[in-house]
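The numbers here are math on the coordinates, done by the rules we state, and not lab data. Only a predicted model underlies this, so the values are computations on that prediction, with no experimental measurement involved. With ideal geometry, Cβ positions are generated from the backbone for all residues, glycine too; neighbour counts draw on all protein chains shown.
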Amino acid sequence: MSSISKMKSILSPKLSAFSPHLPKPQTISLASNASPSESLVRHNSSCISNHLHLKSTPLLSNSFVCSSQSRNLQMEASRPPSGEIHVIVGPMFAGKTTTLLRRMQLESSSGRNVAIIKSSKDTRYGLDSIVTHDGFKLPCWALTNLSSFRQKFGPDAYDQLDVIGIDEAQFFEDLYDFCCGAADHDGKTVIVAGLDGNYLRRSFGSVLDIIPIADSVTKLTARCEICGKRAFFTLRKVEETQVELIGGSEVYMPVCRQHYVSGQVAMETARYVLESHKVECSSHT
Ligand SMILES: [Zn+2]
């Protein structure tokens with residue numbers, strides 16, 4: 001028997017899991033907690049990669065294959081269960097915080113340890129709680145950056161956490177690194193809610209940066225304050241032009257595409273009238 005056919009005979013019992021007569025692994029749903037079926041899929045995946053590796057380097061010895069397989073299995077066993085990242089975006093007043101809180105409540109009621117983080121920049125409803133526009137409230141951690149969370153929450157308590165919710169995610173510059181660390185390495189489920197765009201409909205903060213690493217993305221819509229149609233954008237009703245201007249309905253309104261465009265025109269006209277009025281006043285003094 002040649003060394004390659006020996007290797008094939010070693011690997012074949014495990015590779016038989018991918019036979020067309022057996023259920024395909026991708027049809028197995030990957031739940032948030034590692035189930036026996038999930039570890040089966042992963043185990044087989046590592047066999048497949050070994051097999052492909054062997055094909056390209058036929059001089060590898062059987063003992064190397066066995067030790068590399070057992071090392072892989074040991075590494076799999078020592079890893080925490082794989083995490084998840086879910087992103088909820090949309091304009092203001094679309095129910096992002098409400099959706100986040102509902103999901104956190106569901107996770108909590110199913111026995112998982114949860115914690116919610118929000119930006120300390122938003123002080124509208126106090127710093128120790130999170131409140132939706134419709135008044136629903138939950139305790140939370142108000143932070144300036146996410147990298148400080150583990151230390152402030154306590155490393156031991158952090159290890160016990162299953163689900164981390166992040167609200168107003170557009171205010172966290174270290175969002176990408178935090179989500180990667182929490183989901184990839186610490187096995188946490190991270191649920192992120194934030195604005196995808198600012199009042200100029202440009203990418204806001206790092207929220208869009210985490211789309212490539214997300215398991216799911218939900219874009220919510222609000223109701224256009226002018227016509228009642230679905231609203232995708234946030235129109236700023238006041239003169240201020242800095243990107244981060246924290247406020248509620250006194251500053252912002254959700255609008256459809258048509259009323260975003262006409263609203264921007266109206267704002268520009270108002271600005272022009274105000275500025276020419278200022279010039280007129282100063283020329284009289
Ligand atoms: Zn409209």
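A cut-off under 15 angstrom between Cβ atoms defines the neighbours of residue 200, and their net charge, with Lys, Arg +1 and Asp, Glu -1, is +1.
Of the cross-linked pairs 152/219; 152/237; 96/121; 121/229; 152/188, those separated by over 28 Å at the C-alpha level are 152/219; 152/237; 121/229.
Just how many % of Cα pairs in the stretch 84-220 lie over 27 Å apart, if you round to the nearest whole percent? Tail of P(r) above 27 Å: 10 percent of Cα pairs. Charge tally around residue 173: other residues with Cβ under 14 Å, Lys/Arg +1 each, Asp/Glu -1 each, net -4.
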